[in-house]
Amino acid sequence: MNLEHEYKKSLCSLSPLPITSKTLTLFAASPATAAVSPHLRLHKSTSFIGKMMAEEEGQPLPYVSEIVLKKRKIRDELAITRRTQLELGKYGAKKSKKQSDVSDIKRPEQFIKEFRDKELDLIRTKQRAKRPKSMIPTIKSNLLFIIRIQGKNDMHPKTRKILYNLRLRKVFSGVFVKATEGVIDMLQKVEPYVTYGYPNLKNVKELVYKKGYARIDKKAVPLTDNNIIEQTLGKYGIICVEDIIHEIANVGPHFKEVVLFMGPLMLSKPEDGLLRGKKQPYREGGDAGNREDEINDLISKMN
């Protein structure tokens, strides 16, 4: 008993760290235990180490919440996916500075082509504006819905300005407009870049509920609270989303105020795409131009 007491006492006095299996193993081989009999030293050290390891194994693991574990799993999965995509070249390796500088330089031929495309677009715009009145479609409804289907680099600045006046700044954006002769003339000039028609009440309602938002202080605010509508349009007797739908569908006296209150509607790209020939008129088998009532099929695909 005296030997065991002195053995434990020497361990506690010489080891400033917590006694673990590792420290016990190291200390068992130290010169401090040389005075003890080898067989007794081995027996005592192994039994004491076994007791300490049993106590360590019996302690419960630290609790980690399920949310933390899920976040770790999602983070690991994203890291693996990202690594795989980089290896497969989906995003491509990062270009060196020399390669990026060379690719960013435009050749003279590209400038000439862009200039000619813009000039050709201006000439065709003027030609469309001079069409005889017999070719201009007759107005069958007071409400039009216009969707921009393309147009980026090959547009003349005058064409782009007309699209901006119609509030069509992005591809696949749509707006409600009142059908007038001035609007029809503008649509004739930018016909290859837009498609339009007469939406029905069902599509007007779905567009307002799904894609509608308000423009307040140059910020997009979803139409989830009627108080927002009442604060801005309450002076016109419009206090809820249903009033907005009614005013748009019937082209009421405050149609302009309601449309300006709402921003352009950002639609989704059709799943099957626009593969019929974007710049060709719809009546000739393309995608652009007047669709009349058939615009509702396209709205259903893009909403």
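The values are calculated or read from the model by the stated rules, or taken from the named source; none is laboratory data. None of the values given here were measured: they were computed from a predicted structure. Every residue, glycine as well, gets a Cβ built from its backbone with ideal geometry; the counts of neighbours run over all protein chains shown. Heavy atoms of the whole protein, side chains included, go into the accessibility calculation; ligands, DNA and RNA do not. Shrake-Rupley method; radii C 1.70, N 1.55, O 1.52, S 1.80 Å.
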Once phi for every residue in segment 213-218 is put through the Karplus expression 6.51 cos²θ - 1.76 cosθ + 1.60 (θ = phi - 60°), the whole-Hz ³J(HN,Hα) values, with Gly and Pro written as x, are 7, 9, 9, 10, 6, 6
Any residue on another chain or 5+ positions along whose placed amide H is under 5 Å from the amide H of TYR213 is listed here as GLY263
Isotropic mean projected area of the C-alpha convex hull, segment 199-303 (nm²): 7.4 nm²
With a point put 7 Å past each Cα toward its Cβ, work out how far VAL171 is from LYS70 in nm, to one decimal. 3.7 nm
A correct Karplus calculation of ³J(HN,Hα) over segment 70-86, with 6.51 cos²θ - 1.76 cosθ + 1.60, θ = phi - 60°, whole Hz and x for Gly and Pro, returns 5, 5, 5, 5, 5, 4, 5, 5, 5, 5, 5, 4, 4, 5, 5, 5, 5
Calculate one ³J(HN,Hα) per residue across segment 280-292 by plugging θ = phi - 60° into the Karplus curve 6.51 cos²θ - 1.76 cosθ + 1.60, and present them in order as whole Hz with x for glycine and proline. 7, x, 5, 5, 9, x, x, 10, 8, x, 7, 10, 6
Rolling a 1.4 Å sphere over the protein heavy atoms, what is the accessible area per residue of segment 225-303, to the nearest Å²? 54 Å²
Potential extension, LYS161-PHE111 segment - 0.36 nm per residue separation minus Cα distance: 15.9 nm
Shape call for segment 136-272 from the C-alpha gyration tensor, a ≥ b ≥ c root eigenvalues: rounded (a/c under 1.5), prolate (a/b greater than b/c) or oblate? prolate
Figure the gain on full extension for GLU284 and LYS126 (residue separation times 0.36 nm, minus the Cα-Cα span) and round it to one decimal in nm. 54.8 nm
Using protein chains only and a probe of 1.4 angstrom, how many square angstrom of HIS254 are accessible, to the nearest 10? 50 Å²
Out of the total accessible area of segment 168-248 (probe 1.4 Å, heavy atoms of protein only), what percent is carbon and sulfur? 50 percent
Give, in nm to one decimal, the length gained when the segment between ILE216 and GLN231 is fully stretched (0.36 nm per residue of separation minus the Cα-Cα distance). 4.3 nm
Amide H to amide H under 5 Å from CYS240: which residues, 5+ apart in sequence or cross-chain, H placed 1.01 Å off N in plane? none
